[in-house]
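Chemist: Structure provided below as structure tokens; questions to follow.
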């Protein structure tokens with residue numbers, strides 16, 4: 001027991017150093033504070049300062065938090081009670097950090113408050129993780145709402161255009177599958193997976209035996225937003241399905257050329273079919289055409305051109 005007590009100061013020092021806790025003691029009469037090195041490092045100083053005061057601390061607190069923090073300190077002194085708070089500080093290097101501080105008053109023999117003692121820790125990483133989690137949750141909620149709205153629209157429009165239940169089921173299954181494949185690309189939020197070429201290649205993986213008939217020409221491309229990526233996946237699915245049923249991919253001689261380029265603010269995609277059966281010049285009234293025209297709103301536009309040589313689809317998307 002005696003050996004442990006003799007080493008208690010060493011244990012306390014070890015705990016403070018390994019847990020990165022800054023400790024301080026403020027003398028209210030002189031306005032000066034003693035503290036450990038970790039305290040000063042939290043505020044951006046590599047070596048201990050010769051002097052530290054409450055005013056110096058307040059100067060480090062960002063302006064929007066300063067009045068609140070000062071009021072909490074004054075209340076703790078006046079009411080002789082413990083307090084804790086979170087706030088942002090600006091370090092000696094000008095970086096913004098988050099701290100969690102707590103303290104308690106120490107009274108003199110006459111009952112007045114003579115000192116404040118406390119601790120401070122840097123919680124910047126926790127705050128950043130918290131902000132990232134909030135952002136991810138909001139983005140997930142946004143994506144789920146978009147997907148559910150899109151599925152609801154697909155169900156309604158597929159039901160109106162279907163001749164029988166099996167045809168309705170097949171069409172709906174294919175379109176929901178396209179949504180699922182697009183969503184899988186977005187799970188990792190990798191910029192390369194959200195590029196038009198990656199979205200097309202993923203959609204092609206669901207159609208066996210046609211890859212050799214697709215010519216993909218990438219001039220330049222950029223990552224798309226989540227909603228634009230999902231919409232483009234649906235557009236590619238409809239174009240591939242229609243090409244296999246009625247267009248260039250319905251016979252071995254047909255070809256589809258897809259060119260991806262970009263301008264300062266947009267990604268441009270040209271889908272051009274050739275070598276297929278004659279194109280119905282009055283096309284564009286079916287559900288597939290309607291879905292293609294609406295799937296990218298408000299992230300871009302599509303234009304279907306039923307030329308004699310083959311269907312063309314011109315897509316313009318906002319770059320992320």
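No value in this document is a laboratory result; all are computed from the given coordinates. Because the structure is predicted, anything quoted here is derived from the model rather than measured. Cβ placement follows ideal geometry from the backbone for every residue including glycine, while neighbour counts extend to all protein chains displayed.
Chemist: Could you check what % of the DSSP bridge pairs in the stretch 201-302 are antiparallel, to the nearest 5?
Modeler: 60
Chemist: Let me ask something additional. Rounded to whole Å and sorted largest first, list the principal axis extents of the Cα atoms in the stretch 2-122.
Modeler: Extents along the principal axes: 50, 40, 25 Å.
Chemist: If you don't mind, another one. Could you calculate, for the stretch 205-258, the ratio of the Cα radius of gyration to the Kirkwood radius, expressed as Rg to Rh?
Modeler: Over the Cα atoms of the stretch 205-258, Rg/Rh equals 1.01.
Chemist: Looking at the square roots a ≥ b ≥ c of the eigenvalues of the Cα gyration tensor of the stretch 23-62, which shape do they give, rounded for a/c under 1.5, prolate if a/b is larger than b/c, or oblate? Provide the component values of the computation, followed by the final result.
Modeler: On the way: a/c = 2.02, a/b = 1.29, b/c = 1.57.
Taking the square roots of the gyration eigenvalues as a ≥ b ≥ c, the stretch 23-62 is oblate.
Chemist: Which FRET efficiency value, to the nearest 0.05, do you get for residue 20 and residue 91 by plugging their Cβ-Cβ distance into 1/(1 + (r/R0)^6) with R0 = 22 Å?
Modeler: The value I calculate is 0.90.
Chemist: Based on the Cβ-Cβ distance of residue 82 and residue 266, what FRET efficiency does E = 1/(1 + (r/R0)^6) give at R0 = 41 Å, to the nearest 0.05?
Modeler: 0.10
Chemist: If you don't mind, another one. On a C-alpha basis, how far is the centre of the stretch 106-133 from the centre of the stretch 209-244 in Å? Whole number, if you could?
Modeler: Each part reduced to its Cα centre gives a spacing of 55 Å.
Chemist: Sticking with this one: What length, rounded to one decimal in nm, is gained on full extension from residue 59 through to residue 34, with 0.36 nm per residue of separation minus their alpha-carbon distance? Before the final figure, lay out the partial values.
Modeler: Numbers: separation 25, 0.36 × 25 = 9.00 nm, distance 1.73 nm.
Result for the pair: 7.3 nm of gain on full extension.
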